[in-house]
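Single-structure report; data block below.
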Amino acid sequence: MRQSRLFTRTKKTAPKDEVSKNAELLIRAGFVHKEMAGVYDYLPLGLRTLNKIIGIIREEMNGLGAEELLMSSLQRPDVWKATDRWDSEKVDVWFKTTLQSGSELGLALTHEDPLTDLMRSFVSSYRDLPFSVYQFQTKFRNEMRAKSGIMRGREFIMKDLYSFARTEAELDAFYEEAALAYERIFARVGLGEETYKTFASGGIFSKYSHEFQTLCEAGEDIIYVDEEKRIAINEEVFTDEVLQELGLDKEKLVQKKAVEVGNIFKLGTRFSEPLSLTYKDEQGKDQMVIMGSYGIGPGRVMGAIVETHADDNGLVWPEAVAPFRVHLLSLGADEKATEIYEALEKAGIEVLYDDREASAGEKFADADLLGIPYRVVIGKRSQESGHAEVKKRTESAAQEVALESLVSYFQS
């Protein structure tokens with residue numbers, strides 16, 4: 001990608017009504033565009049990063065044996081009425097619309113209900129179970145507060161996975177595998193140190209559910225962290241009884257602000273009963289399918305990375321999710337820089353080439369703002385010395401690398 005052809009531009013300031021660090025920096029760097037409160041467009045750089053995050057999540061979901069599908073956002077009311085979740089007095093974040101015929105539809109806020117209904121066409125015998133499916137799909141929630149940038153939106157992409165089992169034991173086994181997959185995901189995207197598996201209320205479904213909470217001053221949740229055991233408890237279940245059950249010492253727990261980046265729930269038969277999702281067991285008797293639900297917001301993950309990694313100069317992307325691995329800056333040496341750019345691309349190294357007619361100061365400032373892991377500078381001195389200046393975004397010192405060795409340097 002040549003930066004001169006990138007239609008987006010960096011900005012010195014973010015919109016005055018934007019208060020979250022993630023949105024301010026992402027807008028300034030040209031990764032996202034704000035349409036309205038809680039609604040953002042992903043521009044080319046932002047979409048590349050979002051797709052890197054989605055790719056990591058997809059790999060881990062496939063590793064669980066889950067199958068990917070894509071369901072509709074438009075929802076008919078009857079399914080949601082069956083589960084008692086259509087009434088806006090009970091679920092207050094619905095976006096609803098009316099067709100020209102007068103029929104009412106909803107814009108999906110989650111998919112337990114319609115997916116359970118769909119599975120009635122495919123599940124009939126114990127031989128059909130267990131299995132799991134997932135999707136990356138746009139959700140809509142009529143949030144009263146939408147002030148945390150891409151970490152809390154009214155329109156956003158969610159990875160939602162649903163498991164279907166014959167027994168509680170089957171559900172429990174998959175649930176634990178999913179929890180481990182989530183831990184791998186957050187480690188791979190660069191949030192492993194800051195993210196804790198957190199005990200939370202299981203509601204009517206089970207004693208506990210589990211959230212994955214990333215420590216973050218912009219977070220809306222309060223959790224209590226055991227840093228040695230690397231587990232946490234949500235404020236909502238922080239009682240002496242729970243502490244005793246989990247074997248945690250209250251004196252060792254530290255109160256922290258955090259943002260929820262993922263969650264896993266045991267649903268039991270909450271949705272299979274009202275929607276009559278059953279299977280016949282080995283004796284030919286009808287049994288209820290037992291379900292689980294597992295969610296991650298890729299955009300929320302992206303926002304959490306910004307909140308926890310950015311510095312005073314701009315974004316700082318972990319290599320696994322950066323839009324490009326290398327940011328190549330030409331400072332009056334376009335012919336040699338173009339030669340290096342083409343060599344890096346040919347070698348399969350993702351590179352953003354700043355070939356703009358701009359000052360060195362502007363290019364350096366933009367490189368810091370964009371947060372690409374490696375900055376490579378080729379100037380007039382490079383042609384004389386035969387070396388380029390290579391600097392990691394997370395380090396202050398640069399090093400000299402021979403021009404002919406740049407490709408092998410990044411390959412290794």
(message) Within a 10 angstrom radius of the beta carbon, how do 131, 174 rank from fewest other beta carbons to most?
(response) 131, 174
(message) How tilted is helix 334-346 with respect to the longest principal axis of the chain? Cα atoms for both, answer in degrees (0 to 90, nearest 10).
(response) 30 degrees
(message) So for each of 67-77, 272-282 I average, over its residues, the number of other beta carbons within 10 Å; can you give me the resulting order with the highest mean first?
(response) 272-282, 67-77
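Which trypsin sites (Lys or Arg not before Pro) in the range 93-179 sit in a loop by DSSP (not H, G, I, E or B) and have at most 13 other Cβ atoms within 10 Å of their own Cβ?
Numbers: sites: 96, 120, 127, 139, 141, 145, 147, 152, 154, 159, 166; in loops: 120, 141, 145, 147, 152, 154, 166.
Answer in residue order: 145.
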(request) Arrange the following residues from fewest to most other Cβ atoms within 10 Å of their Cβ: 182, 208. (result) 208, 182
(message) Looking at the chain as a GNM with Cα springs under 10 Å, which of 29, 322, 181 has the largest mean-square fluctuation?
(response) 181
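Ratio to report: Rg/Rh of the range 144-271, with Cα atoms as the point set and Rh obtained by the Kirkwood method; give two decimals.
On the Cα set of the range 144-271, Rg over Rh gives 0.96.
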(message) Restricting to Cα pairs below 8 Å that are 6+ residues apart, what does the relative contact order work out to for the chain? Please round to a whole percent.
(response) 16 percent
(request) Ratio to report: Rg/Rh of the range 26-154, with Cα atoms as the point set and Rh obtained by the Kirkwood method; give two decimals. (result) 1.02
(request) Could you give me the radius of gyration and the Dmax of the range 7-309, taking only the C-alpha atoms into account and expressing both in angstrom? (result) 20.1, 70
(request) Post the alpha-carbon centroid distance, the range 18-84 to the range 126-147, in whole angstrom. (result) 11 Å
(request) Going by C-beta contacts inside 10 Å, put 162, 374 in order with the fewest on the left. (result) 374, 162
(message) Springs between alpha-carbon pairs under 10 angstrom, Gaussian network model over the chain: which of 49, 98, 269 fluctuates most?
(response) 98
(request) Name the lysines eligible as straight-distance cross-link partners of residue 81: C-alpha to C-alpha under 29 Å, and not fewer than 8 places from it in the same chain. (result) 90, 96, 139, 159, 207, 266, 280, 285
(request) Report, to the nearest 10°, how far helix 44-63 tilts away from the longest principal axis of the Cα atoms in the chain, using its own Cα long axis and a range of 0 to 90°. (result) 50 degrees
(request) Measure nothing fancy, just the Cα-based angle from helix 360-370's long axis to the longest principal axis of the chain, in degrees from 0 to 90, nearest 10. (result) 10 degrees
(request) Mind computing the radius of gyration and Dmax over the alpha-carbon atoms of the range 318-393? Å is fine for both. (result) 11.6, 35
(request) From zero up to wherever the largest Cα-Cα distance of the range 213-350 sits, split into 10 Å bins and tell me the percent of pairs in each. (result) 9, 21, 22, 19, 16, 9, 4, 1
(request) Quick one: net charge around residue 389, please, counting Lys, Arg +1 and Asp, Glu -1 for every other residue with C-beta under 10 Å from its C-beta. (result) +2
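Laboratory data are not the source of any read-out in this text; all were calculated from the coordinates shown. Computed from a predicted structure; not experimentally measured. Cβ: placed from backbone, ideal geometry, glycine included. Neighbour counts: every protein chain shown.
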